[in-house]
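A.B. asks: Please see the structure below; I have some questions.
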Amino acid sequence: MLRSLEGSDASVQGTNDDAQISKMSCAKAGYFKDEFIQYFVRRASRRSPLINRGYYSRHAALRQLLNRFLAAAAATASQQPQVLVLGAGFDTTWFQLHRDLGRAPYKCLEVDFKEVTQRKAATIAKEPALRNALTTTTMATTAAAPAAAADAAAGAAAAARPCPSVTPHPHPPHTFRRSPTYILSECVLVYMEPLHSAAVVSWAAHTFPNAVIAIYEQIRPDDAFGRQMVSNLEMRGCPLRGLPATPSLAAHCARLMDGGWAWADARDMDTLYRTFLESQDKARVERLEIFDELEEWHMIQEHYCIALGRNDVSGWLGSVGFD
């Protein structure tokens, strides 16, 4: 059983490398700007227009939500906002916003497998374009994290299975808890058993009274396309252990509300592409490549979603949502 779990972990870690190749393909094709992703990709590969547009829609929707959170926090909160990324992989969002603003956009805590965080820290230390953006920083893996980071690991350490050696501290620092907080989970909880993913959702809800959690995951596993999606990932060694518990938008909202979040909403990516993304940027992107896979595009988009939970005790974050 242990060998099986370790093999699954390695496969899930491999999805990080695959995602970075897709992001670099998008950046090179002009879908979005990210000159930092090149440092984390060993061998570039051009993806199909279908994959490029899918990664663009994911990037654009999540970036728009993050920007809304940062704008709301800047307008109303006195504390610096903080972002907790579960299963961060080689995400470069902090560096992109630092480039745009000329300063640190927020306090950032990224949590992932020890092997992944070590590789990322080594790359940052080696590359001046990354290292010079960091004036003061502490890079730590979950196995040897400082108190606040260990608290944020929330028991699961953003891994795809429970990690008994990392548990949430019952009383995190007050400033850490009260600051406006954005929690991002992209295809992380879905790899965990429902009991453990629900515990992470509940821990976050009861730790941060002024927070937004954004969860990007697969949905609708029971139709023909969904069954094939699940089968393909199982063949890659990445079973979606949590998907039976959250197969629908309603189930995602229920998990958030049952976990203690005060407000929840969920939309599939097909809907978000049509109604949430900026029209002018979509028009620009749709001119980049010849695209004739519309039927498959809509099917894929209908099988992914973003679920949002919000706590807003101080009245800072009411504007952060899809509307």
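A.B. asks: When residue 256 is evaluated against the numbered criteria (1) under 19 Å from the mean Cα position of the chain (by Cα); (2) surrounded by 20 or more Cβ atoms within 10 Å (Cβ to Cβ); (3) over 20 Å from residue 188 (Cα atoms), which criterion, by number, is the only one it fails?
C.D. replies: Answer for residue 256: the failing condition is (3).
A.B. asks: Kindly evaluate residue 88 against the criterion of being open to solvent by less than 20 Å² (accessible area, probe 1.4 Å), not in a helix (DSSP H, G or I) and not polar (S, T, N, Q).
C.D. replies: Judged against the criteria, residue 88 is a match.
A.B. asks: Moving to a separate point now. For residues in region 27-45 being touching a helix residue (DSSP H, G or I) at 6+ places or on another chain (Cβ under 8 Å), open to solvent by 50 Å² or more (accessible area, probe 1.4 Å) and modelled with pLDDT of 95 or more, which is farthest from residue 288 (Cα to Cα)?
C.D. replies: So the residue we want is 39.
A.B. asks: Out of the residues in region 228-250 that are in contact (Cβ under 8 Å) with a residue 24 or more places away in the chain and part of a helix (DSSP H, G or I), which is farthest from residue 194 (Cα to Cα)?
C.D. replies: My answer is 229.
A.B. asks: Does residue 57 fit the bill of being on the phi < 0 side of the Ramachandran plot and buried (at least 17 other Cβ atoms within 10 Å of the Cβ)?
C.D. replies: Judged against the criteria, residue 57 is a match.
A.B. asks: With the requirement that a residue be out of contact with any helix residue (DSSP H, G or I) (no Cβ under 7 Å at 6 or more places or on another chain) and surrounded by 15 or more Cβ atoms within 10 Å (Cβ to Cβ), what does region 268-320 give you?
C.D. replies: Across region 268-320, the qualifying residues are 271, 282, 308, 310, 312.
A.B. asks: Report, ordered by the first and then the second residue, all pairs with beta carbons closer than 9 Å, sequence separation of six or more or different chains, a first member in region 305-322 that is farther than 20 Å from residue 268 by Cα and aliphatic (A, V, I, L, M), and a second member that is open to solvent by less than 10 Å² (accessible area, probe 1.4 Å) and in a loop (DSSP other than H, G, I, E, B).
C.D. replies: 317/180
A.B. asks: One residue is enough: does region 276-285 have a residue meeting the conditions touching a residue at least 60 places away in the same chain (Cβ under 8 Å) and under 19 Å from the mean Cα position of the chain (by Cα)?
C.D. replies: yes
A.B. asks: With the checklist (1) under 26 Å from residue 26 (Cβ atoms); (2) modelled with pLDDT under 95 in hand, flag the one item residue 323 doesn't pass.
C.D. replies: For residue 323, the exception is condition (1).
The values are calculated or read from the model by the stated rules, or taken from the named source; none is laboratory data. All of these numbers come straight from a predicted model, not from anything done at the bench. Note that we place each Cβ from the backbone using ideal geometry, even for glycine, and neighbour counts take in every protein chain shown. To get the accessible areas, we keep the full protein, side chains included, count just its heavy atoms, and leave off ligands, DNA and RNA. Shrake-Rupley method; radii C 1.70, N 1.55, O 1.52, S 1.80 Å.
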